[in-house]
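Scroll down for the structure; my scribbles are underneath it.
The values are calculated or read from the model by the stated rules, or taken from the named source; none is laboratory data. It should be emphasised that the depicted structure is a prediction, and the values quoted were computed from it without experimental measurement. Methodologically, a virtual Cβ is constructed for each residue, glycine included, from the backbone with ideal geometry; neighbour enumeration extends over all protein chains shown. In case anyone asks, the SASA skips ligands and DNA or RNA and just uses the protein heavy atoms, side chains included. Shrake-Rupley method; radii C 1.70, N 1.55, O 1.52, S 1.80 Å.
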Amino acid sequence: PKHIEIVLSSKAGLSSMGQKSCDMLRAVLERRYSHVGVTVINSPNDLDDLVAKRPDLVFLGMKNIPDQTTGKKLWLSTYLDEHSVNYTGSNGSAIALDFDKPGAKRTVLIAGLNTSAYFLASAGQFSDAEKLPLPFPLFVKPPFAGGGKGIGADSVARDFAAFEQKVANITSEFQTFALAEEYLPGREFSVALLGVPGSEALTAMPIELITEKNAQGDRILGQKVKAADTEHAIVVQD
(Lines give C-alpha, C1' and ligand atoms only; values in the text may rest on other atoms or scores of the structure.)
Protein backbone atom coordinates (compact mmCIF):
# COMPACT_ATOMS: atom_id res chain seq x y z
CA PRO A 1 0.00 0.00 0.00
CA LYS A 2 1.16 3.51 -0.83
CA HIS A 3 2.06 5.91 1.96
CA ILE A 4 0.89 9.47 1.22
CA GLU A 5 1.62 12.48 3.41
CA ILE A 6 -0.37 15.70 3.06
CA VAL A 7 1.73 18.72 3.98
CA LEU A 8 0.54 22.08 5.23
CA SER A 9 1.55 24.67 7.83
CA SER A 10 -0.21 26.01 10.91
CA LYS A 11 1.57 29.36 10.50
CA ALA A 12 -0.46 32.11 8.86
CA GLY A 13 0.61 32.93 5.32
CA LEU A 14 2.62 29.75 4.70
CA SER A 15 -0.11 27.34 3.59
CA SER A 16 -1.92 27.46 0.27
CA MET A 17 -4.27 24.81 1.68
CA GLY A 18 -6.78 25.37 4.47
CA GLN A 19 -7.73 22.79 7.09
CA LYS A 20 -11.11 22.23 5.44
CA SER A 21 -9.45 21.36 2.12
CA CYS A 22 -6.90 19.17 3.90
CA ASP A 23 -9.61 17.17 5.65
CA MET A 24 -11.56 16.74 2.41
CA LEU A 25 -8.44 15.63 0.53
CA ARG A 26 -7.51 13.13 3.23
CA ALA A 27 -11.00 11.62 3.18
CA VAL A 28 -10.80 11.17 -0.61
CA LEU A 29 -7.33 9.60 -0.53
CA GLU A 30 -8.25 7.22 2.29
CA ARG A 31 -10.80 5.60 -0.01
CA ARG A 32 -7.92 4.22 -2.08
CA TYR A 33 -4.88 4.19 0.19
CA SER A 34 -4.44 2.66 3.64
CA HIS A 35 -1.76 5.05 4.93
CA VAL A 36 -2.60 8.74 4.52
CA GLY A 37 -0.99 11.08 7.03
CA VAL A 38 -0.81 14.82 7.61
CA THR A 39 2.47 16.56 8.40
CA VAL A 40 2.54 20.14 9.67
CA ILE A 41 5.62 22.02 8.47
CA ASN A 42 6.54 25.13 10.45
CA SER A 43 10.34 24.87 10.42
CA PRO A 44 13.20 23.16 8.52
CA ASN A 45 13.34 20.56 11.32
CA ASP A 46 9.81 19.51 10.41
CA LEU A 47 11.06 18.77 6.89
CA ASP A 48 13.65 16.39 8.33
CA ASP A 49 10.86 14.57 10.16
CA LEU A 50 8.82 14.37 6.95
CA VAL A 51 11.67 12.81 4.96
CA ALA A 52 12.32 10.34 7.79
CA LYS A 53 8.81 8.95 7.27
CA ARG A 54 9.84 7.98 3.70
CA PRO A 55 6.42 8.53 2.12
CA ASP A 56 5.79 7.29 -1.41
CA LEU A 57 4.21 10.64 -2.27
CA VAL A 58 3.93 14.04 -0.60
CA PHE A 59 0.86 16.12 -1.41
CA LEU A 60 2.14 19.68 -1.07
CA GLY A 61 -0.27 22.21 0.41
CA MET A 62 2.45 24.85 0.78
CA LYS A 63 5.44 26.07 -1.21
CA ASN A 64 8.16 27.31 1.11
CA ILE A 65 9.17 28.16 4.65
CA PRO A 66 11.64 30.79 5.85
CA ASP A 67 15.08 29.45 6.71
CA GLN A 68 16.15 31.37 9.80
CA THR A 69 19.78 30.32 9.27
CA THR A 70 20.16 31.84 5.80
CA GLY A 71 17.31 34.35 5.85
CA LYS A 72 16.08 32.94 2.54
CA LYS A 73 13.05 30.92 1.52
CA LEU A 74 13.43 27.14 1.62
CA TRP A 75 11.43 25.62 -1.23
CA LEU A 76 9.82 22.36 -0.18
CA SER A 77 9.94 20.87 -3.67
CA THR A 78 13.69 21.52 -3.94
CA TYR A 79 14.26 19.93 -0.53
CA LEU A 80 12.23 16.86 -1.49
CA ASP A 81 14.09 16.58 -4.81
CA GLU A 82 17.36 16.53 -2.88
CA HIS A 83 16.05 13.66 -0.76
CA SER A 84 14.48 11.70 -3.64
CA VAL A 85 10.92 12.03 -2.33
CA ASN A 86 8.07 12.23 -4.85
CA TYR A 87 5.63 15.12 -4.53
CA THR A 88 2.73 16.81 -6.29
CA GLY A 89 3.21 20.15 -7.98
CA SER A 90 6.10 21.81 -9.77
CA ASN A 91 9.80 22.02 -9.00
CA GLY A 92 11.38 25.02 -7.30
CA SER A 93 12.34 26.93 -10.44
CA ALA A 94 8.78 26.71 -11.76
CA ILE A 95 7.18 27.63 -8.44
CA ALA A 96 9.49 30.65 -8.15
CA LEU A 97 7.69 32.13 -11.16
CA ASP A 98 4.53 32.26 -9.05
CA PHE A 99 6.34 34.94 -7.06
CA ASP A 100 7.67 36.68 -10.18
CA LYS A 101 4.59 37.41 -12.26
CA PRO A 102 6.36 39.57 -14.90
CA GLY A 103 8.93 36.79 -15.28
CA ALA A 104 6.16 34.21 -15.58
CA LYS A 105 4.45 36.21 -18.31
CA ARG A 106 7.72 36.57 -20.24
CA THR A 107 8.32 32.81 -19.92
CA VAL A 108 4.84 32.07 -21.28
CA LEU A 109 5.33 34.43 -24.22
CA ILE A 110 8.72 32.92 -25.06
CA ALA A 111 7.04 29.50 -25.12
CA GLY A 112 4.66 30.82 -27.79
CA LEU A 113 1.58 30.89 -25.57
CA ASN A 114 -0.85 33.74 -25.01
CA THR A 115 -1.05 35.81 -21.84
CA SER A 116 -3.07 38.92 -21.08
CA ALA A 117 -1.45 42.17 -22.26
CA TYR A 118 0.32 43.99 -19.42
CA PHE A 119 2.60 46.80 -18.35
CA LEU A 120 4.48 47.80 -15.19
CA ALA A 121 3.51 50.95 -13.33
CA SER A 122 5.10 53.00 -10.56
CA ALA A 123 3.24 55.50 -8.37
CA GLY A 124 2.86 58.81 -10.22
CA GLN A 125 4.37 57.47 -13.44
CA PHE A 126 1.35 58.33 -15.61
CA SER A 127 -0.28 61.75 -15.64
CA ASP A 128 -3.66 60.70 -17.07
CA ALA A 129 -5.57 57.79 -18.59
CA GLU A 130 -4.51 58.63 -22.14
CA LYS A 131 -0.88 57.94 -21.24
CA LEU A 132 -1.64 54.36 -20.13
CA PRO A 133 -0.52 51.60 -22.54
CA LEU A 134 -3.83 49.72 -22.15
CA PRO A 135 -7.49 50.77 -21.83
CA PHE A 136 -9.71 50.21 -18.79
CA PRO A 137 -10.70 48.02 -17.07
CA LEU A 138 -7.32 46.89 -15.75
CA PHE A 139 -6.39 44.27 -13.19
CA VAL A 140 -3.69 45.67 -10.89
CA LYS A 141 -1.67 43.51 -8.49
CA PRO A 142 1.72 43.11 -6.79
CA PRO A 143 4.32 41.58 -9.14
CA PHE A 144 6.24 39.53 -6.58
CA ALA A 145 3.61 38.11 -4.21
CA GLY A 146 1.70 34.82 -4.13
CA GLY A 147 -1.31 33.41 -2.33
CA GLY A 148 -3.58 36.22 -3.48
CA LYS A 149 -1.69 38.83 -1.42
CA GLY A 150 -2.57 42.37 -2.43
CA ILE A 151 -5.52 41.19 -4.52
CA GLY A 152 -9.08 42.21 -3.71
CA ALA A 153 -12.07 44.12 -5.01
CA ASP A 154 -9.89 47.19 -5.62
CA SER A 155 -7.67 45.21 -8.00
CA VAL A 156 -10.12 45.87 -10.83
CA ALA A 157 -9.52 49.50 -11.86
CA ARG A 158 -12.22 50.94 -14.11
CA ASP A 159 -10.95 54.52 -14.15
CA PHE A 160 -7.72 56.44 -13.70
CA ALA A 161 -8.40 57.40 -10.08
CA ALA A 162 -8.90 53.76 -9.06
CA PHE A 163 -5.77 52.78 -11.01
CA GLU A 164 -3.63 55.43 -9.30
CA GLN A 165 -4.95 54.48 -5.86
CA LYS A 166 -4.24 50.76 -6.33
CA VAL A 167 -0.72 51.39 -7.65
CA ALA A 168 -0.03 53.69 -4.69
CA ASN A 169 -1.34 51.04 -2.26
CA ILE A 170 0.92 48.37 -3.76
CA THR A 171 3.92 50.71 -3.64
CA SER A 172 3.24 51.48 0.01
CA GLU A 173 2.53 47.90 1.15
CA PHE A 174 5.00 45.93 -0.96
CA GLN A 175 7.68 48.55 -1.72
CA THR A 176 7.59 47.78 -5.43
CA PHE A 177 5.96 48.79 -8.69
CA ALA A 178 2.61 47.29 -9.77
CA LEU A 179 1.69 44.87 -12.52
CA ALA A 180 -1.29 46.08 -14.57
CA GLU A 181 -2.97 43.60 -16.91
CA GLU A 182 -5.79 43.58 -19.41
CA TYR A 183 -8.80 42.55 -17.32
CA LEU A 184 -10.13 39.11 -18.27
CA PRO A 185 -13.67 38.74 -16.85
CA GLY A 186 -14.12 35.08 -17.77
CA ARG A 187 -14.00 31.88 -15.72
CA GLU A 188 -11.03 30.93 -13.52
CA PHE A 189 -9.32 27.57 -13.70
CA SER A 190 -6.54 25.73 -11.93
CA VAL A 191 -4.99 23.07 -14.15
CA ALA A 192 -2.80 20.21 -12.98
CA LEU A 193 -0.61 18.44 -15.52
CA LEU A 194 0.01 14.75 -14.87
CA GLY A 195 3.12 13.25 -16.43
CA VAL A 196 4.11 9.63 -16.84
CA PRO A 197 7.74 8.60 -16.23
CA GLY A 198 9.52 7.83 -19.49
CA SER A 199 6.97 9.68 -21.61
CA GLU A 200 6.62 13.27 -22.79
CA ALA A 201 2.82 12.99 -22.78
CA LEU A 202 0.94 15.15 -20.29
CA THR A 203 -2.64 14.82 -19.11
CA ALA A 204 -4.48 18.06 -18.28
CA MET A 205 -6.67 17.87 -15.16
CA PRO A 206 -8.55 21.20 -14.88
CA ILE A 207 -10.88 22.37 -12.14
CA GLU A 208 -12.94 25.55 -12.21
CA LEU A 209 -12.72 27.83 -9.17
CA ILE A 210 -15.86 29.83 -8.44
CA THR A 211 -16.14 32.58 -5.85
CA GLU A 212 -19.09 34.70 -4.82
CA LYS A 213 -19.52 38.04 -6.60
CA ASN A 214 -18.41 41.11 -4.63
CA ALA A 215 -20.24 44.44 -4.42
CA GLN A 216 -18.88 45.42 -7.84
CA GLY A 217 -20.13 42.20 -9.43
CA ASP A 218 -16.63 40.74 -9.85
CA ARG A 219 -15.48 37.28 -8.77
CA ILE A 220 -12.02 37.86 -7.27
CA LEU A 221 -9.96 34.99 -5.86
CA GLY A 222 -7.94 37.20 -3.52
CA GLN A 223 -6.19 36.66 -0.22
CA LYS A 224 -9.32 37.00 1.95
CA VAL A 225 -11.27 34.49 -0.14
CA LYS A 226 -8.39 32.01 -0.13
CA ALA A 227 -7.89 32.39 3.62
CA ALA A 228 -11.61 31.85 4.26
CA ASP A 229 -11.57 28.84 1.90
CA THR A 230 -14.97 29.83 0.51
CA GLU A 231 -14.35 29.21 -3.19
CA HIS A 232 -16.01 26.22 -4.87
CA ALA A 233 -14.06 23.80 -7.07
CA ILE A 234 -15.78 22.03 -9.96
CA VAL A 235 -14.08 19.25 -11.91
CA VAL A 236 -14.16 20.07 -15.62
CA GLN A 237 -15.41 17.13 -17.67
CA ASP A 238 -14.14 16.35 -21.19
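Keeping to segment 220-238, report how many residues are assigned to a loop (DSSP other than H, G, I, E, B) and under 16 Å from Gly147 (Cα atoms). Number satisfying all stated conditions: 6. Evaluate segment 187-195: report whether one residue or more is more than 21 Å from Ile95 (Cα to Cα) and out of contact with any helix residue (DSSP H, G or I) (no Cβ under 8 Å at 6 or more places or on another chain). Yes, that holds for at least one residue. Tell me yes or no: at least one residue of segment 162-171 is surrounded by fewer than 18 Cβ atoms within 10 Å (Cβ to Cβ), among the small types (Gly, Ala, Ser) and at pLDDT below 95. No, that holds for no residue. The set of residues in segment 142-161 being touching a residue at least 12 places away in the same chain (Cβ under 8 Å), open to solvent by 30 Å² or more (accessible area, probe 1.4 Å) and not aromatic (Phe, Trp, Tyr) consists of Gly147, Lys149, Ile151, Ala153, Asp154, Arg158, Asp159. Scanning segment 1-17 for residues that are open to solvent by 30 Å² or more (accessible area, probe 1.4 Å) and in contact with an Asp or Glu (Cβ under 8 Å, 6 or more places away or on another chain) yields one hit, Lys2.
Across segment 41-89, the number of residues qualifying as open to solvent by 50 Å² or more (accessible area, probe 1.4 Å), within 20 Å of Cys22 (Cβ to Cβ), without any contact (Cβ under 8 Å) to a residue 40 or more places away in the chain and not in a helix (DSSP H, G or I) comes to 2. Checking the stated criteria, Arg187 turns out not to satisfy the condition of being over 20 Å from His232 (Cβ atoms), in contact (Cβ under 8 Å) with a residue 12 or more places away in the chain and surrounded by fewer than 17 Cβ atoms within 10 Å (Cβ to Cβ).
Counting the residues of segment 198-231 that are closer than 16 Å to Gly186 by Cα, open to solvent by 60 Å² or more (accessible area, probe 1.4 Å) and in contact (Cβ under 8 Å) with a residue 12 or more places away in the chain gives 3. Residues of segment 90-139 that are of a type in the set (Ser, Thr, Tyr) and either more than 27 Å from Phe59 (Cα to Cα) or surrounded by 15 or more Cβ atoms within 10 Å (Cβ to Cβ) (or both): Ser90, Thr115, Ser116, Tyr118, Ser122, Ser127.
For segment 172-181, the tally of residues that are in contact with a Phe, Trp or Tyr (Cβ under 7 Å, 6 or more places away or on another chain), of a type outside the set (Gly, Ala, Ser) and either open to solvent by 80 Å² or more (accessible area, probe 1.4 Å) or touching a residue at least 60 places away in the same chain (Cβ under 8 Å) (or both) stands at 2.
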